[in-house]
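What follows draws every value from the coordinates through simple rules; no lab data is involved. Small disclaimer: the values here were computed from a predicted structure and weren't measured. Positions of Cβ are generated from backbone atoms using ideal geometry, with glycine treated the same way; all protein chains shown enter the neighbour counts.
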Amino acid sequence: MQTFFGYDRRASHANSIPMTPAITPRTRLSSTSVRHARHWIGGTLAAWLFACAASAGAQPLWFAGGRPTPDAQQAVAALANAGADGLVPQDYDAEDLKRALAQAATGPEPAPDVVDKLDASLSDAMRRYLSDLHSGRVDPRKVHANFTAPSSTLFEPDSYLRAAVASHRLPDAIREAAPSFPLYGTLRDALARYRALAAQPGWERPLPALPGGKLTNGQSYSGLAELVRHLQALGDMPADAPTPQRYSGTVVDGVKAFQSRHGLEPDGVIGAGTLAQLNTTPAARVRQIELTMERLRWTPLAEGPRVIVVNIPEFMLRAYEYNAGKLDIKLEMKVIVGKALDTRTPLFKEDMRYIEFSPYWNVPPSIARSETIPRLRRDPGYFTRQGFEFVANGKAVTTLSEANLDAVLNGQMRIRQRPGPMNALGDIKFVFPNNQNIYLHHTPTPQLFKRDRRDFSHGCIRVEEPVALAQFVLQDMPGWTEERIRQAMTKGQSNTVALKQPLPVVLAYGTAIARANGRVYFLPDIYGQDKLLDQALRQKTARRPASLPASAPPAPDALAHPAPTQNPT
């Protein structure tokens, strides 16, 4: 079964939402921009007409006859339910607005200036909510993700909100403002399930220590009953399975299922790593899901029609077609990414523009200084075995000498590796030009793909199945058959092929994956990106002033005669 971030492509329409011309859905500059533009024009026109009518009579958006409208009630309900999308209701003064509108609906009719203040506060909260739901709450570049935030010209919350209210379809408009990519819907469902799990008692109590540091099949364990309850609650073990006398049978199978969902080797042995994951509470998983949903708001995964995505903490690449909300995974494979300690693969999106068969590898100056030159001085034979040569002014020099090594250190020469079986790039290189010199390539050490954790590179991404990837990339160039691709890879002569159309490549980061069958997978935060994003979101919430005073609902006479110094925003 092919999946993207764990999403079953056969169910990719399950969470799709029909679009209507009156409201603009989530849009991006892509092959579907014309269709989206038509929707946007319709929504903008409706909002303009509504705004003109409102300004002519100075009518509030959420009140009629001095009382809140049904649209207003829908709005405060949506704000109170913001947590379903991983947002924070308090950020939008949900509780205060709910109380104030309830008072305005059932108490003495509020004075016009009170209506104006409540109307403005609710509008402001809804605009912020729609903006956060659609585009996210933080600038991705401030959390080490070099993605450009969606343009405000493609989604303008005020016009969008007014058009929704004018057509009395606010709930639909809110759903359409959220990311349409299928993974978002499955994560939203998973968030609700893990919130329910977190509400159950007993999760804060860790499992007992393991006998001898690990638990293997057939051993006794004092925490066996508690382990079974954990696995059953998480869905890794049948709910009606009995607890055995020893760690064996269905419990071992349950641990294997749990390990496969948490980026661990599914061997059934509980060691320190597996125990740590078992002791991670559902509340912590809730936050992990929320952070991934936030990233989906600004990671450009839906800029089809054809896209290549690398999910770094998953160590996986997927190539897919995405049209009209339908996701079709064409290819998925293991990858090796940059070392977490010091050579992390950056997060960004660029267009692939060409493939280089039998490539040269130009050794980056940093690697030359720190690794290659010290190795050559210790072992001069390494120069010939690896097929190295020096290059200066476009000319190759095959003589190893101290003078040439010094010239490399001084920036007067560079070292490159000729095409061949030892070449660090393997026999193919996929290039999407970027200022960090990151690309996809094969590798002469494919055995590393057998590892569960695969952060071994200097930042570039090594792919497990280069021929299959080349076929996907070159599918609109029929002359490039599998046979011709393999011949070009093994020819030993560098050959660059430009693509007919640029192909988006997204280097993404998501540690929570939800599949259409309900299974949820959690991955280690190898680069600390979750921690960084969590901190940024908490700081944003802490800094934001409330639109309404965070106090008890105002008394009826206060609504009728508000204090003159009260600030409506």
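Structure notes:
- Computed from the Cα positions only, the extents of segment 77-209 along the three principal axes stand at 65, 39, 27 Å, in decreasing order.
- Against the rule of thumb 2.2 N^0.38 Å, how large the Cα Rg of segment 427-495 comes out: 1.20
- Using the Cβ-Cβ distance between residue 243 and residue 391 with R0 = 56 Å, the FRET efficiency computed as 1/(1 + (r/R0)^6) comes to roughly 0.25.
- Assigned charges on the beta-carbon of Lys, Arg, Asp, Glu; segment 361-418 dipole about Cα centre (debye): 140 debye
- Along each principal axis, Cα extent of segment 205-280, largest first, Å: 28, 25, 24
- Taking 522, 63 and counting other C-beta atoms within 10 Å, the order from fewest to most: 522, 63
- Kirkwood Rh, angstrom, segment 223-350 [1 / mean 1/r, Cα pairs]: 17.5 Å
- ³J(HN,Hα), Karplus 6.51/-1.76/1.60, whole Hz, each residue of segment 122-127, x for Gly, Pro: 5, 4, 4, 5, 5, 5
- Cβ-Cβ FRET estimate between residue 109 and residue 326, R0 fixed at 41 Å, reported to 0.05: 0.20
- Stokes-Einstein D in µm²/s, Kirkwood radius over Cα pairs - segment 121-270 at 37 °C with 0.692 mPa s viscosity: 168 µm²/s
- Rounded is the label for segment 361-418, because a/c, from the alpha-carbon gyration tensor with a ≥ b ≥ c as root eigenvalues, stays below 1.5.
- The relative contact order of segment 203-350, computed from alpha carbon pairs under 8 Å that lie at least 6 residues apart in sequence, is 15 percent.
- Seen from all directions on average, segment 339-385 presents a Cα convex hull projection of 5.3 nm².
- Phi to ³J(HN,Hα) by Karplus 6.51 cos²θ - 1.76 cosθ + 1.60 over segment 156-171, Hz, x for Gly, Pro: 10, x, 5, 5, 4, 5, 5, 5, 5, 5, 4, 9, 6, 9, 4, x
- Part-to-part distance (alpha-carbon centres) for segment 452-495 and segment 202-277, which is given in Å: 41 Å
- Long-range tail of P(r) for segment 356-454 (Cα pairs > 19 Å, %): 46 percent
- Under the Karplus curve 6.51 cos²θ - 1.76 cosθ + 1.60, θ = phi - 60°, whole-Hz ³J(HN,Hα) for segment 505-519, x wherever Gly or Pro sits: 10, 10, 9, 10, 8, x, 9, 10, 10, 10, 9, 5, 7, x, 6
- Annotation: the residues 251, 286, sorted from fewest to most other C-beta atoms within 10 Å of their own C-beta, follow the order 286, 251.
- Which of 184, 194 has the fewest Cβ neighbours within 10 Å, and the rest in rising order: 184, 194
- The peptide list 111-123, 487-499, put in order of mean Cβ contacts within 10 Å with the highest first, becomes 111-123, 487-499.
- Dipole in debye (nearest 20) - segment 205-280, about Cα centre, beta carbon charges: Lys, Arg +1; Asp, Glu -1: 160 debye
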